[in-house]
Amino acid sequence: MEVVSLLQFPATAFRWRFGSGGYRVTVVTKATYDLKPLKAELATGNPVPIARTDDPFDGDPSRSLRVASDLAPYKLRPEVLVTGSAYAPDGRPVRSLVARAVVGEMEKAVEVLSDRSVSIQGALREGPMFTKMPIVYERAAGGPDSWNLAGISPTNQDVSGASRLPNIVPVGTPFQATDVLPTGMGPIAPHWALRSDLLRSHASTWRHGVYGSDIVVPDDLDLRYFNSAPSDQQLDGAMPGGLHLILENLHPSGARLSTYLPEIRPNVVATIGARRETVPMIADTVAVDTDASRCTITFRAVLVLESANQQLGLALIDGSGSLAEALRTAELGVVDPLTPAIDVTQVGTIGLDKPSLPFDPSPAASRASRAEIQSGLPFSTQLVAPPPPASTPGLLPSPASVPPPVVQPVVVPPAVVPPAPVSHAPVPPP
């Protein structure tokens, strides 16, 4: 399989199939933005790479995910992920703050509290104020009896009998509350109950963490499983083009950041057997990294194959023309290791010179683009949502059953505290 990009975005493609044998290919690309006030800048020089696997903190599967894999075969709903840290306003130490993210129509806020514990007698003990606090599930409520397996359990006590209280809580949670619901803004691990329960009858045979060409999707699988964001960070409709983004207490400057992510429209130009067409890719994942002050948008397209080994060629082009000037003199890059070189005489430069289907600005431009595509780009395919074919189910591979996750003691990322001493008693280490 060849994947060629005329955009400076990382990209890949992989084949997969339904249990009944319906074959598909998913094409994925990712754009990276540097978050600046008013308008974000497209980062073409050092983009965030495509995540091929789930990546837990410290490589420890008992930890929460630092990054979720980009190689989901399909996402039923667009989603927003927020990772990194909360920052005190203007860098001044605080005991609590509300961290809020607005991305398009999605709005999510969590309350961030300083380190605290409750003694066996019920007395509250407070730790120092903070200027920075990691927003990770290890600092939210949870434990072995919760969907947040990495979280703080109310039954977990230190040697003195004191119970540590969570730092990341729903907005409005009392400072001294011990009965707290889990919450967070980052990706949820696939073996946690919020996702694994969606597997239902397939839970015992499903191989968590398997992505790309090895995946077989049962015909009756609940496709919500492939969404990793909390449900309140998933959108009911399509992700709008050109996103407004607001971060409150989620930027290293300690200030409120309001910015705009300029719209881009990557298209897939594909040849599958004798079919040929240009297909727009769909934005389905926005991921904000507050520590890096960066944001990525992942685009996906799902194409139909007639057989497992059907001949396939893929190219990515600019479907809007907005990137043409920036990319016209850019060095073209190979994004698939199986692609030895880019032959522009075969791929064409339609995406660099003018908008491509289906986003042409005028009938005349539309006719010109279609003529050039038909003469220079003999590609065709069909964009589909992935309802499985109504045929006899095929056989799944025989993966080993996944044992229940073992909750290990974890190292909680430290909050950043001011150097000045605080007159409160220290909190026992987690």
query = Out of all the residues in region 64-87, which are surrounded by 22 or more Cβ atoms within 10 Å (Cβ to Cβ), touching a Phe, Trp or Tyr at 6+ places or on another chain (Cβ under 7 Å) and closer than 15 Å to W192 by Cα?
reply = S64
task = Test each condition in (1) in contact with a Cys (Cβ under 7 Å, 6 or more places away or on another chain); (2) surrounded by fewer than 19 Cβ atoms within 10 Å (Cβ to Cβ); (3) of a type in the set (F, W, Y) for Y33 and report the one that comes out false.
result = (2)
query = So which residues in region 99-126 are at pLDDT 95 or above and part of a loop (DSSP other than H, G, I, E, B)?
reply = S114, D115
inquiry  = For the list (1) aliphatic (A, V, I, L, M); (2) surrounded by fewer than 19 Cβ atoms within 10 Å (Cβ to Cβ); (3) more than 17 Å from the chain's Cα centre (by Cα), I need the number of the one condition that I272 fails.
reply    = (2)
ask   = What's the number of the condition T290 fails, among (1) surrounded by 15 or more Cβ atoms within 10 Å (Cβ to Cβ); (2) hydroxyl-bearing (S, T, Y); (3) at pLDDT 85 or above; (4) within 25 Å of G212 (Cβ to Cβ)?
value = (4)
message = Among the residues of region 2-22, are any under 22 Å from L250 (Cα atoms) and surrounded by 19 or more Cβ atoms within 10 Å (Cβ to Cβ)?
response = no
ask   = Quick check: anything in region 181-192 hydroxyl-bearing (S, T, Y) and surrounded by fewer than 23 Cβ atoms within 10 Å (Cβ to Cβ)?
value = no
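Let's see how each residue does on (1) in contact with a helix residue (DSSP H, G or I) (Cβ under 7 Å, 6 or more places away or on another chain); (2) small (G, A, S); (3) within 21 Å of S62 (Cα to Cα); (4) without any contact (Cβ under 8 Å) to a residue 40 or more places away in the chain:
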{"position": "S153", "(1), (2), (3), (4)": "no, yes, yes, yes"}
{"position": "N156", "(1), (2), (3), (4)": "no, no, yes, yes"}
{"position": "V159", "(1), (2), (3), (4)": "no, no, no, no"}
{"position": "F175", "(1), (2), (3), (4)": "no, no, no, no"}
{"position": "G184", "(1), (2), (3), (4)": "yes, yes, yes, no"}
query = So how many residues does region 230-276 have that are over 30 Å from L305 (Cβ atoms) and part of a strand (DSSP E or B)?
reply = 11
ask   = Quick one: is R125 of a type in the set (D, E, K, R), touching a Pro at 6+ places or on another chain (Cβ under 7 Å), surrounded by 17 or more Cβ atoms within 10 Å (Cβ to Cβ) and on the phi < 0 side of the Ramachandran plot?
value = no
query = In region 233-292, how many residues are in contact with a helix residue (DSSP H, G or I) (Cβ under 8 Å, 6 or more places away or on another chain), among the hydrophobic types (A, V, I, L, M, F, W, C) and over 30 Å from R15 (Cα atoms)?
reply = 1
query = Which one of these does G59 not meet: (1) within 19 Å of the chain's Cα centre (by Cα); (2) surrounded by 21 or more Cβ atoms within 10 Å (Cβ to Cβ)?
reply = (2)
ask   = What is the number of the single condition among (1) assigned to a helix (DSSP H, G or I); (2) of a type in the set (D, E); (3) touching a His at 6+ places or on another chain (Cβ under 9 Å) that D220 does not meet?
value = (1)
task = Just give me the residues in region 154-181 being part of a strand (DSSP E or B) and within 26 Å of the chain's Cα centre (by Cα), in sequence order.
result = I168, V169
ask   = If you take the residues of region 43-54 that are surrounded by fewer than 20 Cβ atoms within 10 Å (Cβ to Cβ) and under 25 Å from M239 (Cα atoms), which of them is modelled with the lowest pLDDT?
value = T44
remark   = Inside region 211-242, the number of residues satisfying the requirement of being at pLDDT below 95, of a type in the set (A, V, I, L, M, F, W, C) and either closer than 28 Å to R139 by Cβ or surrounded by fewer than 17 Cβ atoms within 10 Å (Cβ to Cβ) (or both) is 1
remark   = So, first residue under 27 Å from R294 (Cα atoms) in region 94-122, second residue among the acidic types (D, E), Cβ within less than 7 Å, six or more apart or across chains; the pairs are S96/E111; V98/E111; A99/E248; R100/E248; K108/D232; S114/E126
key: region 1-34, residues that are within 17 Å of A68 (Cα to Cα) and part of a loop (DSSP other than H, G, I, E, B)   = P10
task = Would you point out the residue of region 161-171, among those that are at pLDDT 95 or above and either touching a helix residue (DSSP H, G or I) at 6+ places or on another chain (Cβ under 8 Å) or surrounded by fewer than 19 Cβ atoms within 10 Å (Cβ to Cβ) (or both), that is nearest to A141 (Cα to Cα)?
result = P166
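The values are calculated or read from the model by the stated rules, or taken from the named source; none is laboratory data. What you are looking at is a predicted structure, and each value in this text was computed from that prediction instead of being measured. Reconstructed Cβ throughout: ideal geometry from the backbone, glycine too, with neighbour counts over all protein chains shown.
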